[in-house]
Amino acid sequence: MANATRKRGFQYFGVADHSRSAHYAGGLSLEQIEKQHREADRLNRKFGKEFRILKGIESDIPADGSLDYPDDVLDKFDFVVASIHGRFKLDRQAQTERLLRAISNRYTTIIGHMTGRQLQRRPGYEIDVEKVLRACSSNDVAVEINAHPWRLDLDWRWHQAALDFGCMMSINPDAHSIRELDHMHWGVEMARKGGVPPDRVLNAMSLAGILRYLKHRRRAVARAA
């Protein structure tokens, strides 16, 4: 995946496999995380300064709004995408509070597919989108524009509100194969349709820029500990 990303002209690849709660999708055990990080370190030494694998995880948000790894594990990642993958039928207040708690977790870098919709498959769960966007802005958590053609979530009609509240966005392909890396095209189209400028997109930053951003966030995490 890293080599395929590099061949497509990108300067970095953020790997974010599912976390252990997502056993149905091969979620990573602690041992698998350690193995993956060793391999990322090995490849980063090989790539040098021209390309970087960023170590991430898509951490499940249980019904109580926590993340499904303890802090000492989350601290090992360069970034954490927090996402809901179950319990979709909680009421609007409970689902909103669930997201707000996840966003307030100091390790959360990006909130993934915020409304959980899958086009022509299921509607999103009920949340107070404005309240969630305001929380993302206040906690310096980026809002994902999920580029998978089944998702395209957050919907483009909310992009201007996200910008007005001060949110950063992150265009992610939700790729589970090399071919699906090309989903990025759809995410970029949706961001353009929603009027999102490049300087408000986390992964439109250069390699040096995103490394500075992540370093700044890690310092903020350390101060909050």
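The values are calculated or read from the model by the stated rules, or taken from the named source; none is laboratory data. Model, not experiment: these values are computed from the prediction. We place every Cβ from the backbone using ideal geometry, glycine too, and count neighbours over all the protein chains shown. Side chains included, ligands, DNA and RNA excluded: accessible areas come from the protein's heavy atoms. Shrake-Rupley method; radii C 1.70, N 1.55, O 1.52, S 1.80 Å.
Quick notes on this one:
- Between 150, 206, 102, the Cα set farthest toward the positive side of the dipole of the chain (charges on each charged residue's Cβ, about the Cα centre) is that of 206.
- Along region 210-224 the Karplus relation, 6.51 cos²θ - 1.76 cosθ + 1.60 evaluated at θ = phi - 60°, assigns HN-Hα couplings of 6, 5, 5, 4, 5, 5, 4, 5, 5, 5, 5, 4, 5, 5, 7 Hz to successive residues, with x for each Gly and Pro.
- Total charge dipole magnitude, region 1-135, about the Cα centre, Cβ charges on Lys, Arg, Asp, Glu only, Debye to nearest 20: 640 debye
- Net charge dipole, the chain: roughly 640 debye, given to the nearest 20, about the Cα centre with Cβ charges of +1 for Lys and Arg and -1 for Asp and Glu.
- Toward the positive end of the charge dipole of the chain, with +1 on the Cβ of Lys and Arg and -1 on the Cβ of Asp and Glu, the farthest Cα among 59, 93, 123 is that of 59.
- Spatially close Lys pairs in the chain, defined by Cα atoms under 24 Å apart and a spacing of eight or more places or different chains, total 18.
- Taking the Cα centre of region 52-129 as reference, the dipole from Cβ charges on Lys and Arg (+1) and Asp and Glu (-1) amounts to some 360 debye.
- Spherically averaged projected area of region 4-127 from its Cα convex hull (nm²): 8.7 nm²
- Rounded Å value of the spacing that divides the Cα centres of region 128-178 and region 205-225: 19 Å
- Accessible carbon and sulfur surface of region 68-225 relative to its total accessible area, %, 1.4 Å: 50 percent
- Average accessible surface area per residue within the chain, 1.4 Å rolling probe, Å²: 51 Å²
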